[in-house]
Amino acid sequence: MNPTPRPSSASSLRAIAGVVPAPGPRSPGGTLRLRRPEDLVAASVVVLGFWPTESVVLMTFGGPRPFHARIDLPTVDPAEGPADPVDAVVEALVSPAVAHEVETVAVVVHSERALVSRRVASRLTRRFVQAGIGVAEVLRADGERWFSLGASAGRMARDGVPYDLREHPFVAASVLGGRVVLGSRDDLAASLAPDVEAGERLRAAVDEAADEVVDADDPRWRTWVLAEGAWTQALVEHHVERASVPVDTDLARLLAGMRCIRVRDAAWATIHRESAHHAIGFWTTLTRCAPDDVRAAPAALLAWAAWLAGDGALAWCALDRVGAVEPDYSLAGLVAEALTRAVPPSSCEGGFDWTAGLG
């Protein structure tokens, strides 16, 4: 790929067709047309589903697989540490953009720290240009003013431009579409906090249901897996379609049964890309109410559904829930790799034959 410098400018921003968030409960759908820098700041909020702080948000355009991504801004200014943390941020954003052959990028650094924001912006711009990727605009937004970090920013870089996104059309459309933009990533993570009361209520029922689980070395195991997997699929599909929650005895049986990976796979196979946003509500409920020792499976399935629905932020929060109880859970690792490599949900329809190999 031959490097082709393409400087940042407002005119190149206006030339972009728009940001197309993946459909889902945390995304308004449709196309967000970018006509001014403030639109870019608003889009960076809407595509995430929360108001980012101390973050670098990347939006990509053109190419076969455009995507958007967020990464934490380094917590220590580059000059204060023995190693430069900016390099890791730059590599994490540039590598998937190159791999997916995107044509143009736009960057919004959400931070009050001007120095580290400029360092990140400058190095990102240089690396994208070296890779032959156009840079439409690079902004810093501190919650009250946006600052252009482009090479010809001039006075805008010094004084900034006031903005107020509370009544911005993108944010308003998101709310009208039923998608609430949360206050921060912490608020998003808190939406998955364990429901302690529900977990305690289910504890005895899960233990009782676990007594019915057949071990893999038992000659009845295959018969039990096929029957339990079929029951699991029917239960999950029924409640996802109706946006309802099983009674406690069924919840306990489902959670206990999914300790068996093949039964978990039966539940996993019900999640398809076109309906993943419906599955999110169901697996969110199970993630919150599950006792600690059976939370890994529903949280990993929530992460998968969120990824298929294009909600990377929610998927990462769900993976945090998995890591808190079972750090080496394999399905969580699969979702984390897809997110890290910016693999687009469009590459997978979801669903598979979970009975393969069982006869």
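A few comments on the model shown:
- With θ taken as phi - 60° and the Karplus curve 6.51 cos²θ - 1.76 cosθ + 1.60 applied, the whole-hertz 3J(HN,Hα) list for the range 259-273 is 4, 7, 4, 5, 6, 4, 5, 4, 5, 4, 5, 7, 8, 10, 4 Hz, x standing for glycine and proline.
- Each part reduced to its alpha carbon centroid, the range 272-290 and the range 50-65 end up 24 Å apart.
- Solution diffusion estimate, µm²/s, Stokes-Einstein, the range 291-337, Kirkwood Rh from C-alpha pairs, 37 °C, viscosity 0.692 mPa s: 329 µm²/s
- Probe 1.4 Å, all protein chains present, accessible-area order of Asp187, Asp217, largest first: Asp217, Asp187
- For the range 230-357: rounded, prolate or oblate by the Cα gyration tensor [a/c cutoff 1.5]: rounded
- Using heavy atoms of the protein chains and a probe of 1.4 Å, the accessible area assigned to Thr75 is about 130 Å².
- Note on Ser346: accessible area is roughly 70 Å² with a 1.4 Å probe, heavy atoms of protein only.
- Accessible-area order (highest first, 1.4 angstrom probe) of the listed residues Glu137, Glu274, Glu337: Glu274, Glu337, Glu137
- The peptide list 159-172, 86-99, put in order of mean Cβ contacts within 10 Å with the highest first, becomes 86-99, 159-172.
- 3J(HN,Hα) couplings calculated from phi for the range 199-206 with the Karplus curve 6.51 cos²θ - 1.76 cosθ + 1.60 (θ = phi - 60°) are, in sequence order, x, 5, 5, 8, 3, 5, 5, 5 Hz; Gly and Pro show x.
- Under-5 Å amide H pairs with Glu112, H placed in peptide plane, nonlocal only: Glu54
The values are calculated or read from the model by the stated rules, or taken from the named source; none is laboratory data. Everything numeric in this text was worked out from a predicted model, so none of it was measured. Every residue, glycine as well, gets a Cβ built from its backbone with ideal geometry; the counts of neighbours run over all protein chains shown. Areas reflect the complete protein model, heavy atoms only, side chains present, ligands, DNA and RNA absent. Shrake-Rupley method; radii C 1.70, N 1.55, O 1.52, S 1.80 Å.
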